[in-house]
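See below for the structure under consideration.
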Amino acid sequence: MAEEQNAAEPLWRDLVGRRLRDLRRERGETLTETAGRAGISPQYLSEIERGVKEPSSEMIAAVLGALGTTLLDLTTSVAGDRSEEHTSELQSH
């Protein structure tokens, strides 16, 4: 049973990517605008947001800086989102 639960766990890069996309969209920005300030290509930012690429901590920091937030805020937000998802999953069983 533990193996089934672990298999269903989302990857960190997927969770981070989803949150970065949400932050960018909340600011009403395009991939090009945010990527330009972060010093990366729009394509690479898109791949990060879709969970295709696993960015280095430096790349995450650059994107977060471009979005005006911090690693602590991102981590707290992702953990909170995941906690809410996990609670909902437990309640549905």
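The values are calculated or read from the model by the stated rules, or taken from the named source; none is laboratory data. Here the structure is a predicted model, which means the values were calculated and not measured. We place every Cβ from the backbone using ideal geometry, glycine too, and count neighbours over all the protein chains shown. Only protein heavy atoms, including side chains, enter the accessible area calculation; ligands, DNA and RNA are left aside. Shrake-Rupley method; radii C 1.70, N 1.55, O 1.52, S 1.80 Å.
Couple of notes before you dig in:
- Among residues of region 69-93, those that are modelled with pLDDT of 75 or more and open to solvent by 80 Å² or more (accessible area, probe 1.4 Å), counted: 4
- The helices (runs of 4 or more DSSP H) found entirely in region 1-81 that carry 2 or more residues being under 14 Å from the mean Cα position of the chain (by Cα) and touching a residue at least 60 places away in the same chain (Cβ under 8 Å) are 12-26.
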